[in-house]
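The values are calculated or read from the model by the stated rules, or taken from the named source; none is laboratory data. As the structure is a prediction and not an experimental result, all values here were calculated from the model. Virtual Cβ from ideal backbone geometry, glycine too; neighbours counted across all protein chains shown.
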Amino acid sequence: MFIQITTKISELISRNIHLVKSFQKIFLTTAVILLSGCQTFLDVSDNLLRNFSKPEQARFYVNDPVKDSVSLSVLWIGHASALIQIYDKVIMIDPLLTNNVAAVLRRHYIPAINLEALKKCDIILISHSHMDHLSPGSLDILEEKFPSANLVFPEGAEDYIPGYSFKLSKLKMADLSNKYIGDSVSIDGVKIFSIKSVHWGGRYGIDGKLWTDKGHCAYIIEYKDMCIYYSGDSSYDESLFKFIGRNFKIDLALVNIIFCDSCTELNQSKSHLYPMGAVQILKDTGAEYMIPLHFGTFTNVNAQIKVLKKMMHKDDEMKGKIKILNLGEQIILKTN
């Protein structure tokens, strides 16, 4: 009887080997996403059902993302992806332009940018090599449209970047001799500094935690009289963020967060910032404005925005400084 049952099971598996391989892929990739710490188990398990439906259209969809007379603007594409315009320069951070991360984590909303209307992209910044920040499929899309763009990334991430026609700039991370600032590069007048992030590198979560710490950083971007800080993924470090505040006059801080409902902690497991951690960074750096990123793309963004506004807009000063964007919304912070 036992032999008959096992034989039947073997036959069933053989006839449906493609399904078995699909489930193996889903299981392994889900484990990688969870190990990276960028999504909770509940988020990932809930999101798996979305693989059977199409991503929705974002409420906002800007048809002319690059504008004249802009000194500083930001368009939130989704997750940690944003389009920054500083005068005549256009910079995209951590582009995620595909509908899935690693073929498993499905977007709730399509990438909220009209790429056909995007006439230029001078610089692409990659903060680290985790799957939701370094997306080869997204780089393929950008390479086809902007083959001569500059691609900037931290040392260690190059292992996961195949050959591209982009102009490549690999920046060393901060180390013991330079505690907070690593390499810098100047690209057509834009100065970009590699800044320490309290996170980890690698590609698959466990590799970055166990045997490599390369391939992750934050950035300072300076152009003309503007200075932007992009945190990448990081947890809170008081001395780091106060150092940034002392050494740079930050016009805008773009800070990646993990969404939570009414939490008061600054950090999520010493790997990411909760909303209150982003608020503290605004205070420590003395930034004129702060925009939270890295939430809502794989879940119901509108519900999360309502919660974030309640948590972060505690008074008129914070409401004026913290700009919580709708998905696809573009905010013009300064004009010339």
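Values for this structure:
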| item | result |
| --- | --- |
| Qualifying residue in region 90-112 (condition: acidic (Asp, Glu), under 25 Å from GLU56 (Cβ atoms) and over 17 Å from the mean Cα position of the chain (by Cα)) | no |
| Matching residues, region 157-171, being part of a loop (DSSP other than H, G, I, E, B) and either out of contact with any strand residue (DSSP E or B) (no Cβ under 9 Å at 6 or more places or on another chain) or more than 14 Å from LEU125 (Cα to Cα) (or both) | PRO162, GLY163, TYR164, SER165 |
| Subset of region 172-187 [out of contact with any Phe, Trp or Tyr (no Cβ under 6 Å at 6 or more places or on another chain) and in a loop (DSSP other than H, G, I, E, B)] | LYS172, MET173, ASP175, LEU176, SER177, ASN178, LYS179 |
| In region 281-304, residue modelled with the highest pLDDT [restricted to those that are under 23 Å from ASN99 (Cα atoms) and among the β-branched types (Val, Ile, Thr)] | VAL301 |
| Matching option when the condition is within 28 Å of ASP64 (Cβ to Cβ) and acidic (Asp, Glu), among GLU329, GLU238 | GLU329 |
| Inter-residue pairs, beta-carbon under 7 Å, first without any contact (Cβ under 8 Å) to a residue 24 or more places away in the chain and in region 262-274, second in a strand (DSSP E or B) and among the hydrophobic types (A, V, I, L, M, F, W, C), 6+ apart | TYR274/ILE257 |
| Matching residues, region 236-261, being in contact with a strand residue (DSSP E or B) (Cβ under 6 Å, 6 or more places away or on another chain), modelled with pLDDT of 95 or more and surrounded by 19 or more Cβ atoms within 10 Å (Cβ to Cβ) | TYR236, PHE248, ILE250, ASP251, LEU252, ALA253, LEU254, VAL255, ASN256, ILE257 |
| Sole residue being of a type in the set (Ser, Thr, Tyr), buried (at least 19 other Cβ atoms within 10 Å of the Cβ) and within 16 Å of GLN330 (Cα to Cα), chosen from SER81, SER69 | SER81 |
| Filter result for TYR229 (aromatic (Phe, Trp, Tyr) and in a strand (DSSP E or B)) | yes |
| Any hit, region 155-174, residues being touching a Leu at 6+ places or on another chain (Cβ under 7 Å), surrounded by 21 or more Cβ atoms within 10 Å (Cβ to Cβ) and not aromatic (Phe, Trp, Tyr) | yes |
| Region 165-196, residues that are of a type in the set (Gly, Ala, Ser) and either more than 24 Å from GLY245 (Cα to Cα) or at pLDDT below 95 (or both) | SER165, SER169, ALA174, SER177 |
| Test: ALA303 is among the aliphatic types (A, V, I, L, M) and under 26 Å from LYS67 (Cα atoms) | no |
| Which numbered condition SER269 fails, given (1) in contact with a strand residue (DSSP E or B) (Cβ under 9 Å, 6 or more places away or on another chain); (2) farther than 21 Å from LYS334 by Cα | (1) |
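Residues checked against (1) under 26 Å from LYS67 (Cβ atoms); (2) at pLDDT below 95:
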| residue | (1), (2) |
| --- | --- |
| VAL90 | yes, no |
| VAL101 | no, yes |
| VAL104 | no, yes |
| TYR109 | yes, yes |
| CYS121 | yes, no |
| LEU125 | yes, no |
